[in-house]
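Notes follow the structure.
The values are calculated or read from the model by the stated rules, or taken from the named source; none is laboratory data. If you're wondering where the values come from, they're calculated on a predicted model, not measured in any experiment. Every residue, glycine as well, gets a Cβ built from its backbone with ideal geometry; the counts of neighbours run over all protein chains shown. All accessible areas refer to the heavy atoms of the entire protein, side chains included, with ligands and DNA or RNA removed. Shrake-Rupley method; radii C 1.70, N 1.55, O 1.52, S 1.80 Å.
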Amino acid sequence: MNENRFSSERLCLRAFEPDDVTVLHAYLNHPSLTGRRYIPWSHSNDIPLSLTQVETILEKWGKGEKQFHLAVVSSGNDKVIGHANCDWGWDPHCPHISLVIAPDYQRQGYGSEVFNLILRYLYENTHAHNVAGGMNDWNQTARAFAQKHGFKETGKMRRAGLRNGEFYDWIGVDILRPEWQALEGA
Amino acid sequence: MALEGTNVILREQRPEDLQLLADLRNDLDTQAWSKTLPPDYTQRMFLTQFEQREFSYDRDDGRFIIESKDAGEMVGYISYTGLEMRWDVTIGIMIAKDFWGSGLAIDALQVLLLFLFEEMGVRVVRLWTHTGNARAIGSAEKLGFKVSYRQRESIFKAGKRYDNVNMDMLREEYYTLHPDLEDNLPPL
């Protein structure tokens with residue numbers, strides 16, 4: 001059994017360090033991540049971010065209680081290729097998770113590996129009952145990804161924002177412990 | 001112009017309200033969330049919260065005492081939080097049990113909604129409740145709110161699991177329900 005709960009064959013999840021600011025700054029500003037950065041609400045989800053602003057994000061993540069924000073690191077080249085968030089401040093029964101993979105590393109299965117690690121951690125090492133997430137309705141990739149991992153769409157918060165002249169909604173998704181266990185064949 | 005409805009006034013909090021606010025928080029029936037337990041709030045806790053509220057023209061919340069017009073009596077508390085100016089906001093309400101079914105909650109909500117749509121110019125008003133609180137869902141629906149999404153089995157209350165429920169009302173829905181009002185916010 002792999003004793004490191006936060007690593008798989010191709011990647012590991014580790015705490016962010018100050019030196020990660022450059023790579024985080026680079027991929028957060030990638031145009032394809034506009035509107036889906038999953039960073040603190042205090043920072044813009046679509047306006048270009050300065051290095052100083054990204055330092056502030058790392059600082060906030062580092063100080064956060066009842067939450068974690070981990071760097072996704074590729075084992076092949078030891079590069080930070082994304083970030084994974086989890087927040088159980090409202091209730092440890094229902095943590096909220098999110099994940100961003102840098103555009104150069106998308107569609108290569110990294111996101112699935114991260115989700116599997118996090119869901120396994122939450123359901124085998126904490127008393128979580130409902131793991132929830134969400135995405136904007138135009139983010140079809142994220143919706144398909146969540147569905148693939150057993151999450152169910154539980155409705156939409158209307159008028160979450162405005163994008164290219166159109167209102168969009170925010171889709172809520174969640175997966176219950178028994179549903180995850182059934183998928184795992186437990 | 002006061003925030004005034006048919007039978008209620010929404011006014012600012014005052015030191016003499018604080019014990020009643022603690023009483024509302026300490027009643028398992030008048031507050032919805034396990035997050036706010038245990039029910040051992042004191043007047044002093046609310047005094048601290050009251051005194052920490054500082055003057056600002058950049059607040060994203062509003063907190064009001066609901067007072068009945070006829071008796072001048074405090075009947076509950078209504079608030080909004082997370083205001084994104086001219087965009088959206090989340091509201092909440094607690095009514096003392098003696099006034100359940102009196103229509104005062106609906107009256108207070110109507111006053112707050114009018115304020116938020118006409119003065120704050122929001123485009124969406126949201127609220128949270130849960131599937132164990134049919135009364136709250138029914139009242140919200142009566143006002144024009146619709147269930148938007150839920151987080152399944154995420155509320156534990158009175159030994160049972162319930163879904164956390166988010167409801168919302170769009171600006172155009174509000175003005176359709178109130179044809180006496182004219183929506184003059186610029187369309188997007």
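A few remarks follow.
- Selection within the stretch A:69-79 - free of Cβ contacts under 8 Å to residues at least 60 places away in the same chain, open to solvent by 10 Å² or more (accessible area, probe 1.4 Å) and outside any loop (DSSP other than H, G, I, E, B): A:His69
- Pairs with Cβ under 7 Å, 6+ apart, first in the stretch A:149-171 and closer than 18 Å to B:Glu84 by Cα and within 8 Å of another protein chain (Cβ to nearest Cβ), second open to solvent by 40 Å² or more (accessible area, probe 1.4 Å) and modelled with pLDDT under 95: A:Leu162/B:Leu188
- Of the residues making up the stretch B:143-154, at least one is open to solvent by 50 Å² or more (accessible area, probe 1.4 Å), within 14 Å of chain A (Cβ to nearest Cβ) and of a type in the set (A, V, I, L, M).
- Of the set (1) more than 18 Å from A:Val173 (Cβ to Cβ); (2) at the interface with chain A (Cβ under 8 Å from one of its Cβ atoms), all apply to B:Leu181 but (2).
- Of the numbered criteria (1) at pLDDT 95 or above; (2) within 13 Å of chain A (Cβ to nearest Cβ), the one B:Leu104 fails is (2).
- All positions within the stretch A:139-182 that are open to solvent by 40 Å² or more (accessible area, probe 1.4 Å), among the hydrophobic types (A, V, I, L, M, F, W, C) and touching a helix residue (DSSP H, G or I) at 6+ places or on another chain (Cβ under 9 Å): A:Phe145
- Residues that are among the charged types (D, E, K, R) and either more than 17 Å from the chain's Cα centre (by Cα) or open to solvent by less than 30 Å² (accessible area, probe 1.4 Å) (or both) within the stretch A:80-99 comprise just one, A:Asp91.
- One residue alone among A:Gly150, A:Gly172, A:Gly161 is over 17 Å from the mean Cα position of the chain (by Cα) and not β-branched (Val, Ile, Thr), and that residue is A:Gly161.
- Selection of the stretch B:118-153 for residues being touching a residue at least 60 places away in the same chain (Cβ under 8 Å), assigned to a helix (DSSP H, G or I) and touching a Ser or Thr at 6+ places or on another chain (Cβ under 9 Å) yields only B:Ala136.
- Checklist (1) free of Cβ contacts under 8 Å to residues at least 12 places away in the same chain; (2) at the interface with chain B (Cβ under 8 Å from one of its Cβ atoms); (3) out of contact with any Ser or Thr (no Cβ under 9 Å at 6 or more places or on another chain) applied to A:Leu176, failing item: (1)
- Of residues in the stretch A:12-48 being of a type in the set (A, V, I, L, M) and in a loop (DSSP other than H, G, I, E, B), the one surrounded by the fewest Cβ atoms within 10 Å (Cβ to Cβ): A:Ile47
- Any chance B:Glu173 is over 26 Å from B:Leu24 (Cβ atoms), open to solvent by 30 Å² or more (accessible area, probe 1.4 Å) and in contact with a Gly (Cβ under 7 Å, 6 or more places away or on another chain): yes
- Residues being acidic (Asp, Glu) and in contact (Cβ under 8 Å) with a residue 60 or more places away in the chain - total across the stretch B:154-167: 0
- Residues located in the stretch B:62-81, provided they are in contact with a helix residue (DSSP H, G or I) (Cβ under 8 Å, 6 or more places away or on another chain) and hydrophobic (A, V, I, L, M, F, W, C): B:Phe64, B:Ile65, B:Ile66, B:Met74, B:Val75, B:Ile78
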